[in-house]
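As structure tokens, the structure follows; a few thoughts come after it.
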Amino acid sequence: MNVILLGPPGAGKGTQAERLGKTFDLVQLSTGDMLREEVRGGTELGKTAKKIMDSGALVPDELIISMISGRIDRVGGKGIILDGFPRTTAQAEALDKMLAEKNLKLDHVIQLKVDEDALVQRLSGRFACAKCGAGYHDTFSPPKTEGVCDRCGATEFSRRSDDNPETVRARLVAYREQTAPILPYYDEKGALKAIDGMGEMDEVFRRIREIVGTVRVS
């Protein structure tokens, strides 16, 4: 089974991809993580990508597709979950071509639909323990004791610099302009399924299972 999860930043794609991978024995492929691994490993692809990124340019689609292709070849026939790719119609077309060359196909493209105002509130309130990394939220999941980490008892916390309302809204605008246009591409192919991405993590995962649970894992 091969799956793509689509949705704006903060929609929970990474979390749901991880759970889906564990449940169905699929390999989660996050292109950002993969690029960093290639760079750290000093591979030829990583060296090329590092030069490009250091220059401030975007890594070209051909290199990303090559990286995904190589990873698919190394996972021993397991299905994959793509998280954060494709972002453009050109990337979607290139991905389809690469999979077809391997006699593979996408089984599901799942869109996590979210309320943008609620998403801004969700993201802009996040913070984490500076010592152990435990995650919290000002409104939805504050520490049981104010200023004290539930997990390790530390009293120092940190926030991502981009987790503020203005930056989050800018990221959502970029998603609508750059990535959302690929939704009609997959819809025309009959692969796209949209679900409500709001609510508790378990409930969102149940909605995903209703779609992918009918596909047998080989």
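The residues in segment 36-92 that are assigned to a helix (DSSP H, G or I) and touching a strand residue (DSSP E or B) at 6+ places or on another chain (Cβ under 7 Å) can be counted, and the count is 3.
Any chance segment 141-150 includes a residue that's under 22 Å from the mean Cα position of the chain (by Cα) and either in a loop (DSSP other than H, G, I, E, B) or of a type in the set (A, V, I, L, M, F, W, C) (or both)? Within segment 141-150, not a single residue is under 22 Å from the mean Cα position of the chain (by Cα) and either in a loop (DSSP other than H, G, I, E, B) or of a type in the set (A, V, I, L, M, F, W, C) (or both).
Within segment 169-197, the set of residues being among the hydrophobic types (A, V, I, L, M, F, W, C) and within 16 Å of the chain's Cα centre (by Cα) comprises Leu172, Ala174, Ala180, Ile182, Leu183, Ala194, Ile195. For segment 160-218, the set of residues classified as part of a loop (DSSP other than H, G, I, E, B) and of a type in the set (Val, Ile, Thr) consists of Thr179, Thr214, Val215, Val217, listed by residue number. Among the residues of segment 121-154, those identified as closer than 27 Å to Arg171 by Cα and aliphatic (A, V, I, L, M) are Leu123, Ala128, Ala130, Ala134. Among the conditions (1) touching a residue at least 24 places away in the same chain (Cβ under 8 Å); (2) of a type in the set (D, E, K, R); (3) under 24 Å from Asp61 (Cβ atoms), the only one that Glu101 does not satisfy is (1).
Among the hydrophobic types (A, V, I, L, M, F, W, C), out of contact with any Leu (no Cβ under 9 Å at 6 or more places or on another chain), under 24 Å from Leu192 (Cβ atoms) and crowded, with 17+ Cβ neighbours inside 10 Å - does that describe any residue in segment 84-97? For segment 84-97, residues among the hydrophobic types (A, V, I, L, M, F, W, C), out of contact with any Leu (no Cβ under 9 Å at 6 or more places or on another chain), under 24 Å from Leu192 (Cβ atoms) and crowded, with 17+ Cβ neighbours inside 10 Å: present. Count of segment 114-140 residues, restricted to those that are within 19 Å of Glu200 (Cβ to Cβ) and assigned to a strand (DSSP E or B), is 4.
Pairs meeting the criteria (first residue in segment 150-167 and without any contact (Cβ under 8 Å) to a residue 12 or more places away in the chain, second residue in a loop (DSSP other than H, G, I, E, B), beta carbons under 7 Å, at least 6 apart or on different chains) are Thr155/Gly147. For the condition outside any strand (DSSP E or B), of a type in the set (Gly, Ala, Ser) and either surrounded by 13 or more Cβ atoms within 10 Å (Cβ to Cβ) or in contact with a helix residue (DSSP H, G or I) (Cβ under 6 Å, 6 or more places away or on another chain) (or both), Ala100 does not qualify. The residue that is nearest to Lys78 (Cα to Cα), among those in segment 163-190 that are buried (at least 17 other Cβ atoms within 10 Å of the Cβ) and among the hydrophobic types (A, V, I, L, M, F, W, C), is Ile182.
Computed from the coordinates by the stated procedures, all read-outs in this text should not be read as laboratory data. This one's a predicted model, so the numbers in the text were calculated from it and none came from an experiment. Virtual Cβ from ideal backbone geometry, glycine too; neighbours counted across all protein chains shown.
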